[in-house]
Amino acid sequence: MSRDRINELLQTFDEKIAINKWLSSDFYYINQKMYMNQKLTKDEKKLVKDLYRGLNKEPYYIAKNDEYIIRVIEVDDNTIQDIINTHPLNKIYKSKAFESYSLKNNYNPNGNVFFYVKGSQKARNMVKYNPMEREAEVLYQYGTKFITKDYYTNNGKHYFLLEEL
C-alpha cells in the first residue's frame, strides 16, 4: 500500500470535515480572521488545527523545476499596499493563513494581484478534490515561509514571484 493511501486512511473524521469545510468555502471567514490577526473562537481554533493535521496527511504537490503555481486575488488599493508592504523584495514572508494556489493560470479573470511560485515542493495537492477542469488547487498551510524574488506592476496589476523556504 502506498504512503499516500496509508495517510488517507489515517485521516480522522474531524480532519476530513475540516478539509470539506475548506473545499466548500465554509472556511473562508476563519481564514480571513487569520489573515487579519483576529481572535478565533475555540471551535474555529479546533477547525484550524484539524485542517492543518488533515493536510499533513495529504500528498505534496511536486512541481517540475520550470513549472509555476499561481494565486490570483482581487483586492482594493489599500489592501494592495498592505500586500506590497508584507512582501518586500528579498525578505521572508510567513503566511498567516492557509493559501490556495492553482495549477491553472486563468481561474480568476478579475484578479489584480498575482503570486507565482516556481518549482513548488511544499504545497499540499488538493487536485483530487478540485480537478483540472475546475480550480486545480494546491494549498499551503499557515506558517509556510517564502521569499519575494521579484515584484512588478503592469496595467494596474501586481505580480509577485515567490520562492519557498
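Overview of results
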{"read-out": "Selection status of Glu74, open to solvent by 30 Å² or more (accessible area, probe 1.4 Å) and touching a Leu at 6+ places or on another chain (Cβ under 9 Å)", "value": "no"}
{"read-out": "Residue that is nearest to Val48 (Cα to Cα) [pool: residues in the range 14-29 that are more than 14 Å from the chain's Cα centre (by Cα) and part of a helix (DSSP H, G or I)]", "value": "Ala18"}
{"read-out": "The range 121-160 - residue that is among the small types (Gly, Ala, Ser) and free of Cβ contacts under 8 Å to residues at least 60 places away in the same chain and, of those, nearest to Glu8 (Cα to Cα)", "value": "Ala136"}
{"read-out": "Subset of the range 31-45 that is surrounded by 13 or more Cβ atoms within 10 Å (Cβ to Cβ) and touching a residue at least 24 places away in the same chain (Cβ under 8 Å) - its residue that is nearest to Asp82 (Cα to Cα)", "value": "Tyr35"}
{"read-out": "Residue that is surrounded by the most Cβ atoms within 10 Å (Cβ to Cβ) [pool: residues in the range 1-30 that are in contact with a Gly (Cβ under 6 Å, 6 or more places away or on another chain) and free of Cβ contacts under 8 Å to residues at least 60 places away in the same chain]", "value": "Ala18"}
{"read-out": "Residue check, Lys157 of a type in the set (D, E, K, R) and surrounded by 14 or more Cβ atoms within 10 Å (Cβ to Cβ)", "value": "no"}
{"read-out": "Top-ranked residue in the range 48-71 [being in a helix (DSSP H, G or I) and touching a Ser or Thr at 6+ places or on another chain (Cβ under 9 Å); ranked as surrounded by the fewest Cβ atoms within 10 Å (Cβ to Cβ)]", "value": "Arg53"}
{"read-out": "The listed residue being of a type outside the set (Asp, Glu) and closer than 19 Å to Pro59 by Cα, out of Gly156, Gly111, Gly143", "value": "Gly143"}
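The values are calculated or read from the model by the stated rules, or taken from the named source; none is laboratory data. Just so it is clear, the structure is predicted and the values come from calculations on it, not from any experiment. Glycine gets a Cβ as well: all are built from the backbone with ideal geometry, and neighbour counts include every protein chain shown. Note: accessible area is taken over every heavy atom of the protein model, side chains too, but ligands, DNA and RNA are not part of it. Shrake-Rupley method; radii C 1.70, N 1.55, O 1.52, S 1.80 Å.
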